[in-house]
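Remarks on the structure that follows.
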Amino acid sequence: MTPTTNRRLRIGIGGIGIESSTFCPHRSTTDDFRQTRGQDLLDRYTWTRPGSDLAAAVEWVPLLHATSLPGGPVEAASYLTLKDELVTRIRRAGPLDGLVYDIHGAMSVVGLTDAEADLTEAVRAALDSVGTPDGTGRPMISAAMDLHGNVSRRFAEPVDLLTTHRLAPHEDAWETRERAARNLVRCLRDGVRPHRAWVQVPVLLPGEKTSTRLEPAKSLYASLAEIEKLPGILDAALWVGYAWADEPRCKAAVVVTGEDAGLAAAEAEKLARRYWDARRDFVFVGPTGSAEECVERAVVSSRRPFLISDSGDNPTAGGAGDLAYMLGKLLENDAIRSGRVTAVHPGITDPAAVARCFEAGVGAEVTLSVGGKVDAHHGGPYELTGTVVALQHATDQKDRAEGGAYDRGVDMAAVRTGGLTVILVERRKPFHTLADFMGPRDGGLGIDPRTYDIVAVKIGYLEPELYDMAADWLLALTPGGVDQDLLRLGHHRVERPLYPFDEDAYAGGGPDLTAVRLAPLDG
C-alpha cells in the first residue's frame with residue numbers, strides 16, 4: 001500500500017449499533033433507533049470538528065449512524081431498511097479512503113445468525129465498489145466496538161482494524177471511537193495494511209462478572225496498552241462477548257493488529273490464554289442475592305440511599321424493561337408498604353398505564369395494571385393502586401448533547417403507594433443519572449433518588465453517578481431476558497463446549513487457542 005501523504009484523506013463515518021437479547025420477547029424496530037446523518041452525525045465526535053488535527057487532515061463524510069437502546073432482536077424489515085440506507089449512502093459517497101465503522105457488535109436480527117457479519121460484508125462490497133480517491137488499493141474499515149460485542153471470523157475478515165472499549169462501565173466509549181479513527185488515519189498515511197491475529201475463547205460471561213472495576217478484568221484490560229507499545233503492534237483488543245444471545249458467535253474473542261504478523265499472533269494467544277486461565281476468577285461486581293433477600297437487607301440497613309439492581313430486566317443490557325417482578329417484591333415488604341421505609345423504583349415500561357396517569361392528573365388516585373405486557377413470562381402485570389404524584393411529557397425533556405438512544409425523551413408518570421414511588425415510562429428508558437430522575441432544569445418529575453431510603457433500578461452494574469450515590473448496593477439476581485443466571489436461560493445454539501455451561505469440558509487440557517492469522521486486505 002502506498003502512503004497517502006500528498007492529499008487530504010476522505011473517510012466515511014457510519015454504522016448500526018444495538019445489543020440484542022434473544023431471550024427478550026421485545027422486538028426492536030426502526031422507531032427504536034436514533035438515526036443521525038449529515039452535520040448532526042459529524043457533531044457527535046470531537047475529532048471531526050474544526051480545530052482538531054483529524055479535521056484538518058481528513059474530509060469526514062457522514063453516512064448513516066443508527067443506535068438503539070438494547071432490546072430484543074431487530075425485526076428483519078427494520079434491519080434491511082437501515083442496512084440498505086447505509087450501503088446506498090456509501091455507494092453515493094464516491095471514492096473513500098476508508099470508513100470509521102461505529103457499531104456495537106451484539107446486534108441480533110430475526111432470521112440471521114450473525115447480523116454484524118451480514119452487515120459488514122455488504123459494507124465491504126459497497127466500499128470496494130466506490131474504490132479509493134487515487135484508484136489504488138481498497139478502502140479500509142476501522143471498527144469501534146463495545147467489549148460486550150461478538151467477533152466471529154466471518155465478521156473479522158472484511159475489517160482492517162478492530163478495537164473496543166477497555167472500561168466497563170464504558171467511560172471510554174468516545175475514546176474508543178477516536179482510537180479507531182486515529183488508527184485508520186495512521187495506517188492510511190503510513191501506507192500500512194495491518195495483519196490481524198484473531199482467536200475466540202470458549203468462555204461466555206455476563207458483563208456484571210467482567211467489570212474492569214475488579215480483577216481479573218482490571219488487569220487484563222490494563223495490559224492492552226502495554227501490548228500496543230511493542231514494536232510492530234498497532235492495537236490489542238479483548239471482547240468478553242454478549243451473554244444473552246443464543247448464537248454460535250457468542251463467546252470471548254481477542255484481536256491483535258499490527259505489521260508484525262508473528263508477534264501479533266503470539267500476543268493474541270498469550271492474551272487468550274490469560275483470559276481462559278482466569279475464567280473461574282471472575283465474580284459479580286457487587287454482593288448478590290434474590291430479590292427478596294436484597295429488599296430485606298436494604299430495609300434493615302442504616303446506609304442511605306441503598307441501591308438495588310433489578311438486573312434480570314435491565315433495558316441497557318437488552319431486557320424488556322416492563323417486568324413488575326421487583327415491584328411486587330418491594331410491596332411485599334411491610335416496612336415499605338406501610339411507609340416506614342421509602343423507596344423509588346424507576347423505569348417500568350407501560351404506555352397504557354402512563355396514559356391513564358396523564359388522563360387522571362396529579363393528585364388523582366389510580367388503579368393500574370402495571371407491566372408484564374411484553375415479557376409476560378415472569379409474573380405478568382401487577383395491579384397497583386396509588387396516587388399520581390408527578391407527570392412529565394417527552395416534549396418537556398431535552399436530549400443530552402452527547403446523543404445516543406439512551407437519551408430520548410419519554411412520557412413519564414410517578415405513582416406513590418405507601419412508602420414506594422414507582423416511575424412508569426411510555427417507552428423503554430434507563431435511569432442512570434440524577435437527570436433521568438429529576439428532569440431538566442425547566443421542569444420534570446423532580447424526584448431526587450438521594451432522598452429515598454432505597455432505590456431499586458433496572459440495571460446491572462451501577463453506572464458512575466449511581467455508583468457514587470450509593471451508600472450501599474446489592475445486585476439482585478432477578479429473572480428476565482438478561483438473567484444473570486445463564487444456566488437457567490436455556491442456551492441451545494451456542495457452540496459447545498463453552499464455559500460456564502461445560503465446567504469440566506477441558507479437564508484434560510485447555511482448548512486450542514491458536515490464533516488465526518488474517519492476511520492484510522490489500523486487494
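The values are calculated or read from the model by the stated rules, or taken from the named source; none is laboratory data. Predicted, not measured: the structure shown is a model, and the values here were computed from it. Using ideal geometry, Cβ is built from the backbone for each residue, glycine included, and neighbour counts are taken over all protein chains shown.
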Scan (1) under 30 Å from Leu521 (Cα atoms); (2) in contact (Cβ under 8 Å) with a residue 24 or more places away in the chain for the single condition Lys229 breaks and write down its number. (2)
Identify all residues within the stretch 448-465 that are in a loop (DSSP other than H, G, I, E, B), within 21 Å of the chain's Cα centre (by Cα) and surrounded by fewer than 22 Cβ atoms within 10 Å (Cβ to Cβ); write none if there are none. Glu463
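For (1) farther than 21 Å from Arg428 by Cβ; (2) outside the structural domain of Pro62 (by TED's automatic domain parsing); (3) in contact with a Pro (Cβ under 6 Å, 6 or more places away or on another chain), each residue gets a yes or a no:
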position	(1), (2), (3)
Thr2	yes, yes, no
Gly15	yes, no, no
Ser20	no, no, yes
His26	no, no, no
Thr30	no, no, no
Phe33	no, no, no
Leu42	yes, no, yes
Which one of these is surrounded by fewer than 22 Cβ atoms within 10 Å (Cβ to Cβ) and not assigned by TED's automatic domain parsing to the domain that holds Thr316: Leu263, Leu271, Leu238? Leu263
Return the residues of the stretch 259-307 that are over 17 Å from Thr342 (Cα atoms) and either modelled with pLDDT under 95 or of a type in the set (S, T, N, Q) (or both); say none if nothing qualifies. Val285, Gly286, Thr288, Ser290
For the stretch 148-162, indicate whether the set of residues that are part of a loop (DSSP other than H, G, I, E, B) and of a type in the set (Asp, Glu) is non-empty. yes
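Charged (D, E, K, R), surrounded by fewer than 20 Cβ atoms within 10 Å (Cβ to Cβ) and not in a loop (DSSP other than H, G, I, E, B) - does that describe any residue in the stretch 197-220?
Pass one, the stretch 197-220, residues charged (D, E, K, R): 208-209, 213, 215, 218.
Now narrow it down to the ones that are surrounded by fewer than 20 Cβ atoms within 10 Å (Cβ to Cβ): 213, 215, 218.
When the remaining residues are screened for being not in a loop (DSSP other than H, G, I, E, B), the result is 218.
The answer is yes; a qualifying residue exists.
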Condition first: of a type in the set (Ser, Thr, Tyr), touching a residue at least 40 places away in the same chain (Cβ under 8 Å) and assigned to a helix (DSSP H, G or I). Now tell me which residues in the stretch 80-130 satisfy that. Thr81
Could you figure out which of (1) without any contact (Cβ under 8 Å) to a residue 40 or more places away in the chain; (2) surrounded by 21 or more Cβ atoms within 10 Å (Cβ to Cβ); (3) of a type in the set (A, V, I, L, M, F, W, C) isn't true of Cys187? (1)
Just the residues that are at pLDDT 95 or above, small (Gly, Ala, Ser) and part of a loop (DSSP other than H, G, I, E, B), please, taken from the stretch 1-51. Ser21
Checking Ala55 against (1) buried (at least 16 other Cβ atoms within 10 Å of the Cβ); (2) modelled with pLDDT of 95 or more; (3) out of contact with any Cys (no Cβ under 9 Å at 6 or more places or on another chain), the condition it does not meet: (2)
Restricting to the stretch 172-191, count the residues that are among the acidic types (Asp, Glu), assigned to a helix (DSSP H, G or I) and more than 18 Å from Arg49 (Cβ to Cβ). 1
Every listed condition ((1) buried (at least 24 other Cβ atoms within 10 Å of the Cβ); (2) assigned to a loop (DSSP other than H, G, I, E, B)) holds for Ala143 save (2)
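When you look at Glu171, is it farther than 18 Å from Glu269 by Cα and surrounded by fewer than 24 Cβ atoms within 10 Å (Cβ to Cβ), yes or no?
Working: farther than 18 Å from Glu269 by Cα: yes; surrounded by fewer than 24 Cβ atoms within 10 Å (Cβ to Cβ): yes.
Criteria met by Glu171.
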Can you pull out every residue in the stretch 146-162 that is surrounded by fewer than 23 Cβ atoms within 10 Å (Cβ to Cβ) and in contact with a Lys or Arg (Cβ under 7 Å, 6 or more places away or on another chain)? Ser152, Ala156, Pro158
Checking the condition in a loop (DSSP other than H, G, I, E, B), in contact with an Asp or Glu (Cβ under 8 Å, 6 or more places away or on another chain) and modelled with pLDDT under 95, which residue from Gly523, Gly481 passes? Gly523
Please state which of the following conditions Leu119 fails to meet, knowing it meets all the rest: (1) within 20 Å of Gly72 (Cα to Cα); (2) within 17 Å of the chain's Cα centre (by Cα); (3) of a type outside the set (S, T, N, Q). (2)
